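The values are calculated or read from the model by the stated rules, or taken from the named source; none is laboratory data. Computed from a predicted structure; not experimentally measured. We place every Cβ from the backbone using ideal geometry, glycine too, and count neighbours over all the protein chains shown.
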Amino acid sequence: MKSYKELLIISGKGGSGKTSITAALAAYAKNNLRTVLADCDVDAADLNLVIPGRLDKRADFYSGFVAITGDDCVGCGKCGELCPFDAIKIIEGKPAISENGCEGCGICEDHCPAGSIKLVEALCGQIFLTKTDKGMLSHARLGVGGENSGKLVSAVRKQAQEIAVKSQAELIISDGPPGIGCPVIASITDTDVALVVTEPTLSGLHDLERVIRLTKHFGVKILVCINKCDINPDVKDRISDFCRNNGGELIGNIRYSEDFTRAQNDRCSVLELADCEIFGEIIFVCENVLMKTMN
Ligand code: SF4
Ligand code: SF4
């Protein structure tokens, strides 16, 4: 059995305040718990912008395979004819392989009469470990055209879990990807608690429904926080009703505030601002979320 809990912060779409609330939770937790952080939003990793630190480790991340050609090519053009993904163009008698188009199926390697094509591991991005004042932060950058973001998310989580075991941490706080796609599934599997950050708009409600459906499927405890709760009281009430009837526990509301933007500009969490107008609401949410995660 693992010795730490995993708390994942997700939202139906980007821009809901998910990363800001993750940073606030990290700032709150550091006074009470040994914590490790993970940024699983590898397509747009920005947790380290509000939780800066010193880079401790960097490694290339490889996943899947890509074909490359060698010097022995005799220019027969067979690989270009056979590639089922149209990833090889024969230019002036030589094959040019599109790294992004190649699916690593190996057909070209198998049929090249000169043995000139080889499959090599594909470089998909980089994975980092950064030391911050709120705990070690595991994060990554997906390479240009990188499509294995689910696998990169798993690698970010694995690194965070290893650090948690080594440092006897009690909690991993992860900033999850938006939406309900493959990276979210990679983030949510075996997580203990998911905090869904939503906002009271019709699209926010619709996204929340989809995220809760997905999260329930994985048997994860679901908490919900409504950010910008004062922009539409009717939809806020509909979100509360939806949560009550669908197994999402509403743990707090946060008013619309420019303090989130101010904190981003200052590269800190809202809790670290000198005069934060939503301080009380944020503390209430953090306290509630951590209590329900750790118990
Ligand atoms: S099949 Fe092999 S020899 Fe023929 S063009 Fe492709 S790489 Fe060159
Ligand atoms: S490995 Fe498959 S997809 Fe990639 S270039 Fe060769 S035939 Fe095309």
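Just give me the residues in region 93-128 being within 9 Å of ligand 2 (Cβ to nearest atom) and either in a strand (DSSP E or B) or exposed (fewer than 14 other Cβ atoms within 10 Å of the Cβ) (or both), in sequence order.
Once the filter is applied, which keeps residues that are within 9 Å of ligand 2 (Cβ to nearest atom) and either in a strand (DSSP E or B) or exposed (fewer than 14 other Cβ atoms within 10 Å of the Cβ) (or both), region 93-128 yields P95, I97, G106, D110, I117, L119.
Tell me which helices (runs of 4 or more DSSP H) are completely within region 147-254 and hold 1 or more residues being in contact with a Ser or Thr (Cβ under 8 Å, 6 or more places away or on another chain) and among the acidic types (D, E), or say none if there are none.
202-217
When you scan region 29-47, do you find a residue that is of a type outside the set (K, R), under 33 Å from the mean Cα position of the chain (by Cα), within 14 Å of ligand 1 (Cβ to nearest atom) and modelled with pLDDT of 95 or more, even just one?
no
Quick check on my filter: what residues within region 170-221 are touching a residue at least 60 places away in the same chain (Cβ under 8 Å), under 14 Å from D41 (Cβ atoms) and out of contact with any strand residue (DSSP E or B) (no Cβ under 7 Å at 6 or more places or on another chain)?
Selection gives P177, G179, I180, A186.
Only residues that are away from ligand 2 (no atom under 16 Å from the Cβ) and in a strand (DSSP E or B): list them for region 47-87, please.
Hits for region 47-87 are G53, R54, L55, D56, K57, R58, A59, D60, F61.
For K131, work out the one condition from (1) more than 14 Å from ligand 2 (Cβ to nearest atom); (2) buried (at least 16 other Cβ atoms within 10 Å of the Cβ) it doesn't fulfil.
Tallying (1) more than 14 Å from ligand 2 (Cβ to nearest atom); (2) buried (at least 16 other Cβ atoms within 10 Å of the Cβ), K131 fails exactly one: (2).
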